[in-house]
Amino acid sequence: MKTVFIVNSLVTRHRAADRSRLEDYARRSQGLACDIWMTESCGQATHLASEAIKSGYEMVVAVGGDGTVNEVLNGFFEKGVALSQDVTFGIVPLGSGCDFARSLGIPRKTDDAIMTLESSRVRRIDVGRVEFLNFRRERESRFFANIADVGAGGLVTQRAGRAPRILGRRPNYMWGILSAVLSYKARPVSVSIDGGEPSRLAVRNLIVANGRYFGRGFLPAPHARIDDGLFDIVNIGDFSTIESVWHLPKLRKGTHLGLEKVSCFRGKKVEANTDEEVLLEIDGELVGTIPATFEIVPEAVNIKM
């Protein structure tokens, strides 16, 4: 199978052993074309994935975290339409946030993840498509593999990005979580599911889930499935600061769904609107604000598992 690895160079810069494993795999792929393309800038993985598909590669592998997976996924589409129904998507999870790989059951150990690429198991999965306002106040559309989060999740990503780099990525993210928990207040958001009558919800986090995990191992949508043609939609409501801190372990374990201020829905389309600025993050990347419309795209991509 003609394969290309699209590698986040920032992630592998300090992980020479993992890069060597990829190079070894490319060398020992007997009779198969196997190439490694390194990214040089943010967003380049999307263009590389699109180029690979148009050039006849049969499998495109994202090597990195959830942001890299998201960029490569978006390269599978052009003007909202899949470039091919036959190309297979692979993932080798590297980095501090690999929640979609966790949802798929792809091993974190690089050697084991590479071995999944050699298996014959290919599954057709859903993805999400969201139209939103970017920070230039322009309408933009993107696909996402895992989870979109309206509200505090965007603040977590923003605060983590501004934390001192000396701390490292995981401590930075924990700092983002704690600062958001302590400072973020629920916002009123109008939410409509599958064209129904809009409901006005107090939203701390409105989670539109294709996968199960986000935030480096939190489990907001424990019952979500990636091939059922539906989003799991979880609203975490008007918790006080003390309640938020107290219940945070439940969100990590996935035992929060029974809480009084948590509501759960399922649907193919979600529309979220508000008069306030409410941040939006998708697959761990802060991309803009609502109003936003989320739609499931059933059986959109072939993926190695």
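The values are calculated or read from the model by the stated rules, or taken from the named source; none is laboratory data. Here the structure is a predicted model, which is why all the values come from computation and not from measurement. Quick reminder, even Gly has a Cβ in these numbers, built from the backbone with ideal geometry, and neighbours come from all protein chains shown.
Annotations
- Test result for F100, touching a Pro at 6+ places or on another chain (Cβ under 9 Å), modelled with pLDDT of 95 or more and buried (at least 21 other Cβ atoms within 10 Å of the Cβ): yes
- Single unsatisfied condition, T110 versus (1) buried (at least 22 other Cβ atoms within 10 Å of the Cβ); (2) farther than 23 Å from V208 by Cβ; (3) modelled with pLDDT under 95: (1)
- In segment 92-129, residue nearest to M1 (Cα to Cα) [restricted to those that are aliphatic (A, V, I, L, M) and in contact with a Ser or Thr (Cβ under 7 Å, 6 or more places away or on another chain)]: V122
- Residues that are at positive phi and in a loop (DSSP other than H, G, I, E, B) do occur in segment 101-108.
- A single member of G95, G90 is surrounded by 14 or more Cβ atoms within 10 Å (Cβ to Cβ), out of contact with any His (no Cβ under 6 Å at 6 or more places or on another chain) and not in a loop (DSSP other than H, G, I, E, B), and it is G90.
- Tallying residues that are under 20 Å from D228 (Cα atoms) and aliphatic (A, V, I, L, M) within segment 258-273 yields 1.
- Selected residue (only one of G67, G151, G105 is under 15 Å from the mean Cα position of the chain (by Cα) and buried (at least 16 other Cβ atoms within 10 Å of the Cβ)): G67
- For segment 279-294, the set of residues classified as under 20 Å from D232 (Cβ atoms), assigned to a strand (DSSP E or B) and not hydrophobic (A, V, I, L, M, F, W, C) consists of E281, T293, listed by residue number.
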